[in-house]
Amino acid sequence: MTIIPVPRTAIIVVAAGSGTRLAAGAPKAFVGIDARSILRHALEGVFAAAPAQVVVVAPAGLEGDAETEMRAAAGDRGDLGRVVTGGATRQQSVSAGLAALWGDVDTVLVHDAARALTPPSQIDAVMAAVTAEVGVIPVLPVVDTLKKVADGAVVSAVDRSELAAAQTPQGFPRGLLEAAYAAALAGGTEYTDDAALFAAAGHPVRHIDGSERAFKITTPADLERARHLLAPSAAPGILRVGIGTDVHAFGGEGNLWLAGLEWPGEQPLSGHSDGDAVAHAIVDALLGAAGLGDIGEHFGTSHPEYAGAHAEVFLARTRELLTAAGFRIGNVSVQMQANRPRFSSRRIEAERTLSAVLGAPVSVTATTTDRLGFPGRGEGISVTAVASVVTQDPQNR
């Protein structure tokens, strides 16, 4: 007989929200992503992490449904879970979860069921980072250009370098969190998340890196994103293919940058960044294969930090996005249509440069168009890229 030590960590899974913005006709946690609900997916991630007491906070009247989902996700860890009824607000729901903790628990993680695809590795990382005095939250850098607005007008820009997007689970030492909650409830103050409540009580909060897959399912578009990532074609080991094209006209300043290389003496291409049409086509092909949008969404003119950036910046960031979403790059094939530069003399150098950044083989070919179209007239360069990505085990995403 194996005796499992009583966990010193508990995870409160908040699933009591109504899901008004999702507009799916049911409380959000019980809406299906695929054959399983948002709650079921969230709990599968929780139970795949290190052993912990799991307290599911459910809407009144749906405790039985939550119990069923919890038991199905828990497997042989069913004795570690229980379901309690949530309150009218998030803070009241978390308080109900705190009241259900075992006496041996000294670390508490609070997790939103709506972040259904959160990797178990992120949960484990938060557990490991909490100390007796410090809370921990996972965050992602803010990449969008932010503006402060009032009365329909743009007032000023906001410095992104001082901002981060908070995720869950958020972890805290139990005693300090319970005291902070008691003070907040007594004072009637509502906070947007547990870290804000904890910090308001005078306690420090640190951050660790979050995951792109730990996004919150709030709107119908978020739900579609989750369904896409969990589609059968996203099963581990499945090959997916994407295509990307890019066109740039000659007319920039400085030297030409193409295929990750500088070409002194060649006419440069115009563009928001360095105009490297080969790199840009590769980015679009990779993002398309993974279902992660396109180059404009991640690197367009609304992202001034990429103005003038070279291929290695775009490709390295794209590789990070794919890895965080549970993909590895298989290979990339590129064809360039242009009269200049004469590419053959530097093809091997270009392929080595691009392959090194992506961590996957890249092949590049070049052709002319027999003077047809704008490439044939020497007005610019056209590039087409095809990329393959391979899905990885979602438990390691």
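Take each peptide in 73-85, 154-166, count the other Cβ atoms within 10 Å of every residue, and average; sorted highest first, the result is 73-85, 154-166. Around the Cα centre of the range 9-224, unit charges on the Cβ atoms of Lys, Arg, Asp and Glu (plus for the first two, minus for the last two) sum to a dipole of about 240 debye.
Per-residue ellipticity at 222 nm, computed for the chain from helices alone with -39500 (n - 2.57) per DSSP H run of at least four residues, works out to -9000 deg cm²/dmol. Listed from fewest to most Cβ neighbours within 10 Å, the set Lys216, Lys28, Lys148 follows the order Lys148, Lys216, Lys28.
Amide hydrogen proximity for Gly86: with H placed 1.01 Å from N in the peptide plane, the residues at 5 or more positions away or on another chain lying under 5 Å are Ala58, Ala60. Note on the chain: with charges restricted to the Cβ of Lys and Arg (+1) and Asp and Glu (-1), its dipole about the Cα centre is near 560 debye. Here the range 181-292 is described by how far its Cα atoms reach on the three principal axes: 70, 40, 24 Å, from widest to narrowest.
Across the chain, the mean sequence separation of Cα contacts (distance under 8 Å, 6 or more residues apart), normalised by length, yields a relative contact order of 15 percent.
Say the dipole of the chain comes from +1 at the beta carbon of Lys and Arg and -1 at that of Asp and Glu; which of Ala128, Phe30, Ala16 then lies farthest toward its positive end? Most positive-ward Cα: Phe30.
Considering only Ser363, Ala277, Gly260, whose Cα is most displaced toward the positive end of the charge dipole of the chain, charges sitting on Cβ of Lys, Arg (+1) and Asp, Glu (-1)? Farthest towards the positive pole: Ser363. For the chain, the C-alpha radius of gyration divided by 2.2 N^0.38 Å, with N the number of residues, is 1.16. Full extension of the chain between Ser156 and Phe374 gives 74.4 nm of extra length, using 0.36 nm per residue less the Cα-Cα distance. On full extension, the segment bounded by Ala164 and Ala88 gains 24.5 nm, given 0.36 nm per residue less the C-alpha separation. Put simply, the Cα atoms of the range 9-224 extend 53, 39, 33 Å along their principal axes, the longest span coming first. One compactness figure for the range 232-396 is 1.02, namely its Cα radius of gyration divided by 2.2 N^0.38 Å.
No value in this document is a laboratory result; all are computed from the given coordinates. Just so we're clear, the structure is a prediction, and the values are computed from it rather than from any experiment. All Cβ positions, glycine included, derive from the backbone under ideal geometry; neighbour counts span all protein chains shown.
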